[in-house]
Amino acid sequence: MVKIYDAIIIGGGPAGVSAALHLAFHDRSVLVLDRGTSPMHFHTNSIMNFSGSVYHEGRSLLRKIQGEARAAGAEFKAANVVEVSGRFPKFTIRTAPSYRTVDESEYQSKILLIATGTSRKHPKVDGKWRGWLPIANVGNGAFYCPDCEAPLCKDKEVLIVNAGTVGSALHVANALTRFTDKIQILMTEDAYMPFEKNDLSKLEKSPFKWTSGKIKVIDFPRPGVVQSVTLEDGRKLKANVFFVAFVTVTRSELAQQIGVEVDRNGNILTDHRGKTNIEGVWAAGDVRPITQQVAMAVGTGNYAALMMNQFLGNDYEHGEEFDHPDVRRALHID
C-alpha cells in the first residue's frame, strides 16, 4: 500500500527545510524531495542575513537545518521531481533519474509545498556556463546578491561580471559604492541578454570603468584576495573579488502543471501566508517574488508550514472556532 504523507515538500533549500522542520515538529508525516541543485548546497560564502550565523558558510548552515528537520522526524529523499498531479486531499509526485539523483518513484501526499527556487544563469567561460561553477559562491571569491553580500566587498577591488543587462550591472555597481570605490564592470559579450541590445550609453554616462569581451579563463589562486579573468583577446582583468550581475529563471514549471498561478516572470503568486490558488498547495522561498535572502526564505517556509499544519487540523478541532478561512474550509466548518 502506498504511503500518503501529510505533506510533501519539493525543494530542499532553506525554505523547504525550514517548513519540513516545523511540520515534523508538529508530528506531521513530511517528505522532502530534493535534487540537490540549490545554490546553498555548494555555497561556501559567508551568510550575513541570518541571525546567529554571521560569517557562517551557506552549505554548513543548510546542513545544520536539515539535521534539525531529520531529528524532528522529517524524511529526505534525493530525487528529481518531473511531474505533479492530483488535487487535495491526494497529490501524486513522480520522480525520474537526473545527473545528481537515481530515484524513480511515485509519492503521494495530502498537501504540497513548492520550494523549488530559481535557476541562476552564470557567466560563461570559454563559451560554457559550467566553466564558472568552480568560483560560484565559493570562498568569498564571487558574490551574487548586493542585499546579502555587498558588505563583504568593503575596500576591495571588485570586478562586476555581467551576465544580464546594463541595468543589472549598474544596479550592482551602485549598491557597492557604499563599501568600495574600486569597481570595474565587465560586459560579457556572450551574456544571456544579447550584447547588441544593451543600452551602452548608460555605461558611458556612469562613473564606473567598464570594458567588454568574452571570458576565456578564470583564475583564483587565493579567492577573495587574488583572482582574475583572461579574455579571448588576451587581456587580463585582476580583482580581489568578482560580483556577478546575473539572470534568474524561476523554477515554477512543476507548480504550473497543476494550475498554480504565476506572474509574467514565472514567480508563483500566493497570499501573504504562502497559499496558492490551488487548494492544498503552498509556495515558499525564491520561487515567490521575494528578496532572495536566506532569512527571507526561511521565514516564508516557516509561515507556510504553520498554515499547512493548521489546514490539516486534527480530530479534536471540528468543534472549535477558527479565524483562518483555510482551516475552516479544510475542517468543513460552516
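A few points about this structure:
- Hey, Gly213 crowded, with 18+ Cβ neighbours inside 10 Å, under 24 Å from Ala163 (Cα atoms) and not assigned by TED's automatic domain parsing to the domain that holds Glu157 or not: no
- Filter result for Val161 (crowded, with 23+ Cβ neighbours inside 10 Å, of a type in the set (A, V, I, L, M) and within 23 Å of the chain's Cα centre (by Cα)): yes
- Residue in the stretch 24-33 that is surrounded by fewer than 16 Cβ atoms within 10 Å (Cβ to Cβ) and outside any helix (DSSP H, G or I) present: yes
- In the stretch 178-192, the residues that are in contact with a strand residue (DSSP E or B) (Cβ under 7 Å, 6 or more places away or on another chain) and closer than 25 Å to Gly131 by Cβ: Ile183, Gln184, Ile185, Leu186, Met187, Thr188, Glu189, Ala191, Tyr192
- Yes/no for Val244 being under 30 Å from Ala283 (Cβ atoms) and part of a strand (DSSP E or B): yes
- Taken over the stretch 39-51, the criterion of being assigned to a loop (DSSP other than H, G, I, E, B) and in contact with a Pro (Cβ under 8 Å, 6 or more places away or on another chain) is satisfied by Met48 alone.
- Filter result (at positive phi, modelled with pLDDT of 95 or more and within 21 Å of the chain's Cα centre (by Cα)) within the stretch 1-44: Gly11
- In the set (1) modelled with pLDDT of 95 or more; (2) surrounded by fewer than 24 Cβ atoms within 10 Å (Cβ to Cβ), Ala295 fails one condition alone, (1).
- Filtered residues of the stretch 89-133 (kept if over 23 Å from the mean Cα position of the chain (by Cα) and outside any loop (DSSP other than H, G, I, E, B)): Lys90, Phe91, Thr92, Glu106, Tyr107, Gln108, Ser109, Lys110
- Screening the stretch 139-151 for residues that are at pLDDT below 90 and of a type in the set (A, V, I, L, M, F, W, C) and picking the one that is farthest from Trp210 (Cα to Cα) gives Cys148.
- When residues of the stretch 209-261 are limited to those that are over 30 Å from Pro289 (Cα atoms), of a type outside the set (A, V, I, L, M, F, W, C) and in contact with a helix residue (DSSP H, G or I) (Cβ under 9 Å, 6 or more places away or on another chain), the one modelled with the lowest pLDDT: Gly224
- Scanning the stretch 142-181 for residues that are within 17 Å of Met193 (Cβ to Cβ), in a helix (DSSP H, G or I) and in contact with a Pro (Cβ under 8 Å, 6 or more places away or on another chain) yields His171, Val172.
- Matching residues, the stretch 197-227, being in a strand (DSSP E or B), under 13 Å from Gly139 (Cα atoms) and not β-branched (Val, Ile, Thr): Phe220, Pro221, Arg222, Gln227
- The number of residues in the stretch 279-291 being crowded, with 16+ Cβ neighbours inside 10 Å, touching a residue at least 24 places away in the same chain (Cβ under 8 Å) and outside any strand (DSSP E or B) comes to 5.
- So Val260, is it assigned to a strand (DSSP E or B), out of contact with any Gly (no Cβ under 7 Å at 6 or more places or on another chain), in contact (Cβ under 8 Å) with a residue 60 or more places away in the chain and not basic (Lys, Arg): no
The values are calculated or read from the model by the stated rules, or taken from the named source; none is laboratory data. For clarity, every value in this text was computed on a predicted model and none was experimentally measured. Backbone-built Cβ (ideal geometry, glycine too); neighbour counts: all protein chains shown.
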